[in-house]
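Engineer: Below: one structure in C-alpha cells.
Laboratory data are not the source of any read-out in this text; all were calculated from the coordinates shown. Note that the coordinates shown come from a computational prediction; the quantities given were computed from them, not determined experimentally. Cβ: placed from backbone, ideal geometry, glycine included. Neighbour counts: every protein chain shown.
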Ligand code: NAD
C-alpha cells in the first residue's frame with residue numbers, strides 16, 4: 001500500500017496491521033464469494049476478512065495488477081481458505097458471463113456476490129469531461145455490475161447476499177467526479193429495485209457507501225489538493241478493513257433482516273437519503 005503523504009494520517013496501521021484486532025467468529029463458514037476487483041484496497045480487505053470468517057473467494061483482477069492479486073491470494077491462503085484469481089477487463093461487457101461461469105466452476109456455487117470493481121478519474125468541469133470517459137466509467141461501474149449480477153442471479157439460493165459498493169459521492173454530489181458520482185447513484189437505485197425483486201426469494205441486496213478510504217485508487221486518480229483534503233470528520237481517512245467489516249456484516253446472517261439498504265461507512269459524514 002502506498003504511504004499517505006499527509007503527515008496527520010501517518011498513524012494509520014499498515015495493511016497487515018489492520019487485521020490484528022479483528023475477532024473472527026466463523027460467520028461465513030463454508031461460504032463461496034465472488035468479488036470483483038479483489039487485487040487491492042477494499043476488495044482485498046474483504047477477501048481477507050471473508051477468509052478469516054470461513055469463506056473461499058473468487059476475485060477478478062486486471063492484468064497490470066497481477067502482483068497485487070497474488071498478494072491477496074497469499075493473504076487469504078494464510079487463513080486456510082481458497083482464493084481463485086481471474087484476470088478480466090470489465091469494461092468489455094462480453095467478459096462478464098465468463099466471470100460468473102468461471103467463479104461457479106471453481107467455487108462450486110456462489111453465496112455472496114460483492115460488486116466492488118470501479119473506475120474513477122478526476123475532471124474538474126463537465127466542459128472537459130470526455131464523452132468516452134463518461135461511457136467507460138458507466139461500462140465498468142454500472143453495466144458490468146448489472147451483467148455480473150444478472151448472470152450470477154440463477155446461481156444464488158435463499159440466504160445468498162449481494163453487496164454493491166457505491167460511494168458517499170452519490171450523496172454529496174462530488175463535482176470533480178461527475179461521471180463516477182453518477183454511476184454510484186445508479187448503483188444505489190439498482191440495489192433498491194433489485195432488493196424489491198429478490199428479497200421475497202430470500203436473497204438480500206444491499207449497498208455500502210464508503211467515505212474516503214486510503215487505497216491505490218486515490219493517489220492514482222486524484223489531484224494533490226484533493227489528496228491533501230482527503231479526510232473525514234473522524235480526522236483521518238478510513239482503512240480498507242473498516243469498510244470490509246461492513247461487507248462481512250451484510251454478507252452474514254447478522255444482517256438477516258436488512259435488505260435494500262445502504263450502509264454509510266464514512267467516518268461520520270451525516271448524509272441525506
Ligand atoms: P482499488 O483501486 O484498490 O480497487 C478498484 C478495483 O477495481 C481494482 O481491484 C481494479 O482491479 C478494479 N477495476 C478497475 N477498473 C477495472 C476494469 N476495467 N476491469 C476490471 N476491474 C477493474 O480502489 P478501492 O478504493 O478499493 O475501490 C474499490 C471500490 O470502493 C470501488 O467501487 C470504489 O468506487 C469504492 N469506493 C472507494 C472509496 C475510496 O475512498 N477509496 C470511497 C468510496 C467508494
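Engineer: Tell me whether the chain comes out rounded, prolate or oblate; compute the Cα gyration tensor, take square roots of the eigenvalues as a ≥ b ≥ c, and use a/c under 1.5 as the rounded threshold.
Structural biologist: Judged from the Cα gyration tensor, the chain comes out rounded (a/c under 1.5).
Engineer: When the chain is fully extended, how far beyond the present Cα-Cα distance does residue 217 get from residue 189, taking 0.36 nm per residue of separation?
Structural biologist: Contour length minus the Cα-Cα distance gives 7.7 nm.
Engineer: Return 188, 112 ranked ascending by Cβ neighbour count within 10 Å, so the fewest neighbours appear first.
Structural biologist: The order, fewest Cβ neighbours first, is 188, 112.
Engineer: If R0 is 30 Å, what FRET efficiency do you get for residue 124 and residue 150 from their C-beta distance, rounded to 0.05?
Structural biologist: Efficiency, from the Cβ-Cβ distance: 0.30.
Engineer: Using a 7 Å offset from Cα along Cα-Cβ at residue 133, what residues in segment 154-178 end up with backbone N under 18 Å from the label point?
Structural biologist: 169-170, 173-178
Engineer: Related question: Using the per-residue mean of other Cβ atoms lying within 10 Å as a proxy for protection, in what order, highest first, do the peptides 174-183, 203-212, 60-69, 227-236 fall?
Structural biologist: 203-212, 174-183, 60-69, 227-236
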